[in-house]
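The values are calculated or read from the model by the stated rules, or taken from the named source; none is laboratory data. Small disclaimer: the values here were computed from a predicted structure and weren't measured. Quick reminder, even Gly has a Cβ in these numbers, built from the backbone with ideal geometry, and neighbours come from all protein chains shown.
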Amino acid sequence: MRKNLNYSQAELAEKLDVSTQAVSKWETGASLPDIEKLLNISWICNTSINAILEGDNFFDENINIDRGLMHLNKLLICPKCKKQMKLKIQKNDTLIYECENNHQYYVVDGVVDFRTREISGEQWSLSYRNYEEYMHEQYGPCNPNYNRGLNQSEVIWEKISELRPRVILDIACGTGQGIKHQIKRINWPVIIIMVDLSHRILKWNKIFYSTEWKNPYVEMIYLACDGANLPILSESVDLVFSYSGYESMQAKMLDGFREANRVLKNEKHTIYNKSVIESFESENSKKWMNLLLASVNEEEKEWWKSEFNDMEHWLNICISSGFLENKSIQIYGELPAPDCETFPFENEMAQWMAEYIFISKKLRT
């Protein structure tokens, strides 16, 4: 605002009868002017106090805009050219984000739509009733596979409540089954950005988290985009959360993991669950791997070989991706390998593996 009027900090300070240091602190957010000074700034700049305090987040138009969408003015970049994007209002109150190269992305049903599509075979939003039944069956009290070990939600909450992040990104969030239990307990101001390929599942999330699961401390934002090419400014996020999100990205998992590192501020964390093999040298692990590989075709066999990670291998990947400090909490260990020649699971092929919660910290070298 000052620059638009061609005032230096010293010139504006003189007009307001304050020090240059005071103007500098206002502009960096270190302090705010008192109400008398705000009124004077409003008069000098010919604008409202709301516009001064909210900057690009303030719209004079009489239109209902989610505050979360306005927060994105400070976070969103174009996935094509990497230039910063700003929220604009078109005719008929249509909302778009546009960069200086005129790449445009519409806000559709409260979700910023970067025109991505669901992974083939994972059409969750087309078969949501069946998915609900599947979740009820898989997570029900009669299924022992999901009732062994520590309570994942409690382990995750303990770390999140300790870190108290202000901006959380839930990568490849799906229906938000992991972050859902954290949202319920958050008691400090937080922005949560839910990211998924599927616009339709995010549209459902927006309805659910703004009605049935609303927390007044939490501002929700929804981006239908590729987690391997996040439209988020580098070093702008306090925590990247993943509840099976990285793994669900399949061939793009490591790209998503590196993107998480890019958008995180230095010394901030990604918290995620992951299935891993205890050790490639373990007899139990070897038997499981052989049984699994014998049960799939040649194409799937090569994919599984590339997906197998034991603890040592995964920690090396973390370090090479920029996460130099890594902690892990075992939820449960590997199942004992069965004394048979046939792989015992038709679905959930990794459920024999150990399950860990990882807390990986970004550190610049």
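Any residue at all in segment 216-227 that's in contact with a Lys or Arg (Cβ under 9 Å, 6 or more places away or on another chain) and without any contact (Cβ under 8 Å) to a residue 40 or more places away in the chain? The answer is no; no qualifying residue exists.
Checked against (1) touching a helix residue (DSSP H, G or I) at 6+ places or on another chain (Cβ under 6 Å); (2) in a loop (DSSP other than H, G, I, E, B); (3) farther than 22 Å from GLY149 by Cβ, THR365 meets all criteria but (1). ASP339 satisfies every condition listed in (1) more than 25 Å from GLY245 (Cβ to Cβ); (2) surrounded by 13 or more Cβ atoms within 10 Å (Cβ to Cβ) except (2). Looking across segment 237-259, just one residue is closer than 17 Å to THR116 by Cβ, among the aliphatic types (A, V, I, L, M) and either within 10 Å of the chain's Cα centre (by Cα) or not in a helix (DSSP H, G or I) (or both), and that is MET249.
Taking the condition modelled with pLDDT under 80, in the same structural domain as TRP204 (by TED's automatic domain parsing) and either polar (S, T, N, Q) or touching a Cys at 6+ places or on another chain (Cβ under 7 Å) (or both), does ASN147 pass?
It is true that ASN147 is modelled with pLDDT under 80, in the same structural domain as TRP204 (by TED's automatic domain parsing) and either polar (S, T, N, Q) or touching a Cys at 6+ places or on another chain (Cβ under 7 Å) (or both).
Scanning segment 164-214 for residues that are of a type in the set (S, T, N, Q), closer than 16 Å to PHE241 by Cα and surrounded by 15 or more Cβ atoms within 10 Å (Cβ to Cβ) yields THR175, GLN182.
Residue count for segment 218-247, restricted to those that are small (Gly, Ala, Ser), closer than 22 Å to ARG67 by Cα and surrounded by 24 or more Cβ atoms within 10 Å (Cβ to Cβ): 1. Is there any pair linking a residue in segment 278-296 that is farther than 17 Å from CYS340 by Cβ to one that is crowded, with 16+ Cβ neighbours inside 10 Å and of a type in the set (A, V, I, L, M), with Cβ under 9 Å and at least six apart or on different chains, and which? Taking only residues 6 or more apart or on different chains, the pairs are GLU278/MET311; GLU278/MET353; GLU278/ALA354; SER279/MET311; PHE280/MET289. Looking for something farther than 21 Å from LEU150 by Cβ and at pLDDT below 95 - is there at least one such residue anywhere in segment 322-338? Yes, that holds for at least one residue.
For segment 113-134, does any single residue satisfy the condition of being within 27 Å of ILE191 (Cβ to Cβ), modelled with pLDDT of 85 or more, not charged (D, E, K, R) and not assigned by TED's automatic domain parsing to the domain that holds LYS252? Checking segment 113-134: at least one residue is within 27 Å of ILE191 (Cβ to Cβ), modelled with pLDDT of 85 or more, not charged (D, E, K, R) and not assigned by TED's automatic domain parsing to the domain that holds LYS252. Candidates are the residues of segment 224-236 that are more than 12 Å from the chain's Cα centre (by Cα) and of a type outside the set (S, T, N, Q); the one that is nearest to ILE357 (Cα to Cα) is GLU235.
So that you can scan it fast, the table gives a plain yes or no per residue for (1) among the hydrophobic types (A, V, I, L, M, F, W, C); (2) more than 27 Å from THR365 (Cα to Cα); (3) touching a Cys at 6+ places or on another chain (Cβ under 7 Å); (4) part of a helix (DSSP H, G or I):
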| residue | (1), (2), (3), (4) |
| --- | --- |
| SER285 | no, yes, no, yes |
| LEU292 | yes, yes, no, yes |
| SER306 | no, yes, no, yes |
| TRP314 | yes, no, no, yes |
| PRO336 | no, yes, no, no |
| PRO344 | no, yes, no, no |
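So, ILE77, is that one of a type in the set (Val, Ile, Thr), modelled with pLDDT of 80 or more and under 28 Å from ARG200 (Cα atoms) or not? Yes, satisfied. ARG200 satisfies every condition listed in (1) charged (D, E, K, R); (2) within 15 Å of THR116 (Cβ to Cβ); (3) modelled with pLDDT of 95 or more except (3). Scanning segment 66-93 for residues that are free of Cβ contacts under 8 Å to residues at least 40 places away in the same chain and either in a strand (DSSP E or B) or assigned by TED's automatic domain parsing to the domain that holds ILE193 (or both) yields LYS86, LEU87, LYS88, ILE89.
Candidates GLU219, GLU299: the one that is in a helix (DSSP H, G or I) and charged (D, E, K, R) is GLU299. All conditions in (1) under 30 Å from VAL167 (Cβ atoms); (2) touching a strand residue (DSSP E or B) at 6+ places or on another chain (Cβ under 9 Å) hold for MET253, with the sole exception of (2).
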